[in-house]
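What follows is a single structure, written as structure tokens, with notes after it.
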Amino acid sequence: MKILLFLHGGSLNRGCEAIVRTGVAEIKTQFPDAVIDLASYEPETDAHLENIHHVFRHEQKPPKKFSWAGLKSAFFVKFFQDEKYHHQYTQKDIISKIKNYDVFISVGGDNYCYGELPGFYEINRLIKKAGKKLILWGASIGEEDLTPAKIQDLQRFDLLLARETLTEKVLKNAGCKNVKLVADGAFLMEKTELPLPEGFIENKTLGFNFSPLIFGRNPQSKEAAFQLVEHILATTDFNMALVPHVTIAISNDYETLKEFLEKYKETKRVFLLPNNLNATEYKGYIARMRFFIGARTHATIAAYSTGVPTMVLGYSVKSKGIAKDIFGEEKLVLGIEEISDPEKLIAKFEEMKQEELMLKEILRNKIPHIKEMAQKAKSYLAEII
């Protein structure tokens with residue numbers, strides 16, 4: 001059996017890396033002889049991933065305006081209002097290989113949160129037209145993300161694996177019959193413990209992750225985050241580890257966190273982790289922190305899954321749904337509109353600090369169940385292949 005994982009953003013997004021790492025491991029457990037290939041937007045970042053036979057680039061290049069392909073595309077759009085040829089050309093890196101695989105697994109779990117995706121819809125339509133199996137692996141989708149075209153595409157899938165209950169409900173309410181509840185595979189990812197850097201004191205270090213994605217959606221959030229950091233430094237004896245988790249060119253946590261380092265470096269209590277670690281290595285550091293505050297969902301999953309009390313600077317349904325499935329409520333999750341309010345940030349931090357023992361106990365009891373849910377994905381896959 002040949003399987004293609006596609007819509008992978010590359011391993012400079014450690015969340016994408018974690019999904020592929022754990023997904024491949026689970027699939028190989030269920031299907032040891034499966035040949036697994038990976039289509040990646042940045043294949044040069046994925047060489048370290050194990051159990052993958054071949055990685056190739058998914059480039060998504062539209063036809064040039066005055067090329068034969070561009071003229072043909074324009075003709076179909078102008079005279080027939082038909083964009084299929086345009087999308088087929090743009091997505092040819094995947095479409096040209098449909099004949100080579102038996103199973104296609106879309107690992108871009110967040111993709112359906114970000115507007116219309118006509119190119120992806122065309123890939124999926126042609127996969128199903130060819131009679132191949134199509135799976136969406138560990139997705140998060142909010143009700144506000146759905147459109148008629150998106151629902152039609154989702155209904156094509158042989159299996160939709162929702163990684164939290166909010167998405168499960170949204171998909172079922174939209175009429176999707178092929179929905180199964182799992183948990184994000186990153187809960188299963190192992191950690192790699194590197195030597196602690198200078199300034200990292202176990203049980204006295206708080207992890208902090210902030211992203212340009214958050215700042216872009218709420219420009220006032222950075223100033224509020226500065227005030228939160230100042231409160232932590234003034235009222236605790238914690239050192240603070242700044243944790244980059246996505247370092248792609250268009251959304252680089254490291255560059256944003258350098259501003260925090262520059263602002264507070266004279267305290268000698270704030271330090272920045274390197275930008276070249278892999279997902280398991282970041283998890284190894286996060287696991288040894290007292291508390292964690294994070295904007296990137298998979299950084300917070302690294303904390304949850306190792307029992308670290310966590311405050312989430314949320315920006316989508318996944319953050320809320322994951323917290324709800326662990327705590328029974330959207331515990332310590334602030335929405336995008338709330339994180340520009342320093343008083344709310346500080347109040348949530350104080351709540352986390354005061355409830356530390358309770359939070360650790362809930363995580364200790366709940367995370368084994370969450371991991372069991374994540375492991376169900378391979379069984380559901382086996383049922384439809």
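The values are calculated or read from the model by the stated rules, or taken from the named source; none is laboratory data. Predicted model, so just to flag it, every value in this text is computed and none were measured. For neighbour counting, all protein chains shown are included, and Cβ atoms are generated from backbone atoms with ideal geometry for every residue, glycine included.
Points worth noting:
Residues checked against (1) touching an Asp or Glu at 6+ places or on another chain (Cβ under 8 Å); (2) among the small types (Gly, Ala, Ser):
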{"site": "Ile232", "(1), (2)": "no, no"}
{"site": "Ala241", "(1), (2)": "no, yes"}
{"site": "Pro244", "(1), (2)": "yes, no"}
{"site": "Ala249", "(1), (2)": "no, yes"}
{"site": "Leu261", "(1), (2)": "no, no"}
{"site": "Phe271", "(1), (2)": "yes, no"}
{"site": "Asn276", "(1), (2)": "no, no"}
{"site": "Thr280", "(1), (2)": "yes, no"}
{"site": "Gly284", "(1), (2)": "yes, yes"}
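- Only one entry of Lys283, Lys263 meets the criterion of being at pLDDT 95 or above, of a type in the set (Lys, Arg) and within 19 Å of the chain's Cα centre (by Cα), and that entry is Lys283.
- Taken together, Ala25, Ala47 contain a single residue that is more than 23 Å from Thr90 (Cβ to Cβ), part of a helix (DSSP H, G or I) and not basic (Lys, Arg), which is Ala25.
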